[in-house]
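For reference, the structure is listed below as structure tokens.
The values are calculated or read from the model by the stated rules, or taken from the named source; none is laboratory data. Computed from a prediction, not measured in an experiment: that's the story for all the values here. Virtual Cβ from ideal backbone geometry, glycine too; neighbours counted across all protein chains shown.
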Amino acid sequence: MGPQEISDRAFLTMNFILHNWLFLSVFQEALSIFFVCVLQLDEPHEWPPMYGNILEAYTVRRFWAHFWHRLVYAPYRAAADKFSALFFGPENRGTARRFANVALVFLMSGAFHSILDWKNGMCSYWGSGVFYSVQTLGIVLESLVQLAWAPLRGRVFSSKLCSILERTLGYVWVFGWFFWIYPQRNFWEINCYIRSNT
């Protein structure tokens, strides 16, 4: 991977995060001002922030659960929970069912993003589906690392230093994860476009 590809990947990754964050937040803020201040139909508490605190995104799971927008999270999660209850039982709240719910949420997200890309005429409309569906893999990988690290946590560093180290490595991991997987979506689109026009 040369310097140009590294800079391209870094740009695409930051663009994915910051563009969506800024665009949707500004759009939501403008609507909230209109409905709360101009029309006076709503109260400020009816327009909570769409995104969470980006500093809470030090794992892939926390990126999606604590930072990313809330537009479709509740219906996806409710549908996943109902579906997984058919296999695990409604009372089962174990680890396997939690991971099944996570996988189902991202599979639904991938399917809907692929449909949107297809309707918008993208050549590689399946790229979005792959990008969102594979997020479960990132969550599983970091869960395995956390499980292996837990018994060693207090032995290696002081708790304060350990927390700083974990957060720092967490941010690097999250950026690295998206640096690896998100640009693929764009590369697939470019390659698909080139193949279809030659």
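Tabulated values for the structure
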| read-out | value |
| --- | --- |
| Positions within region 76-93 being under 30 Å from TYR171 (Cα atoms) and either acidic (Asp, Glu) or modelled with pLDDT under 90 (or both), in sequence order | ASP81, ARG93 |
| Where SER109 falls short, out of the listed (1) over 17 Å from the mean Cα position of the chain (by Cα); (2) under 22 Å from ALA57 (Cα atoms) | (1) |
| Residue that is within 14 Å of the chain's Cα centre (by Cα) and surrounded by 17 or more Cβ atoms within 10 Å (Cβ to Cβ), where the choices are VAL102, VAL134 | VAL102 |
| Flag for THR95 being over 23 Å from ILE181 (Cα atoms) and out of contact with any Gly (no Cβ under 8 Å at 6 or more places or on another chain) | yes |
| Complete set of residues in region 35-55 that are surrounded by fewer than 13 Cβ atoms within 10 Å (Cβ to Cβ) and not polar (S, T, N, Q) | CYS37, VAL38, LEU39, LEU41, GLU43, PRO44, HIS45, GLU46, PRO48, PRO49, LEU55 |
| Selection status of SER7, within 23 Å of the chain's Cα centre (by Cα), among the small types (Gly, Ala, Ser), part of a helix (DSSP H, G or I) and surrounded by 11 or more Cβ atoms within 10 Å (Cβ to Cβ) | no |
| In region 150-198, residue farthest from TRP64 (Cα to Cα) [restricted to those that are part of a helix (DSSP H, G or I) and among the polar types (S, T, N, Q)] | SER196 |
| Set VAL174, VAL140, VAL134: member being aliphatic (A, V, I, L, M), touching a residue at least 24 places away in the same chain (Cβ under 8 Å) and closer than 22 Å to TRP118 by Cβ | VAL134 |
| Residue count, region 13-58 (criterion: among the β-branched types (Val, Ile, Thr) and over 30 Å from SER128 (Cβ atoms)) | 3 |
| Enumeration of residues in region 105-131 that are crowded, with 16+ Cβ neighbours inside 10 Å and of a type in the set (A, V, I, L, M) | VAL105, LEU107, MET108, MET122, VAL130 |
| Counted residues, region 137-153 - those being crowded, with 17+ Cβ neighbours inside 10 Å and among the charged types (D, E, K, R) | 1 |
| Enumeration of residues in region 136-165 that are in contact with a Lys or Arg (Cβ under 9 Å, 6 or more places away or on another chain) and closer than 25 Å to ILE190 by Cα | GLY138 |
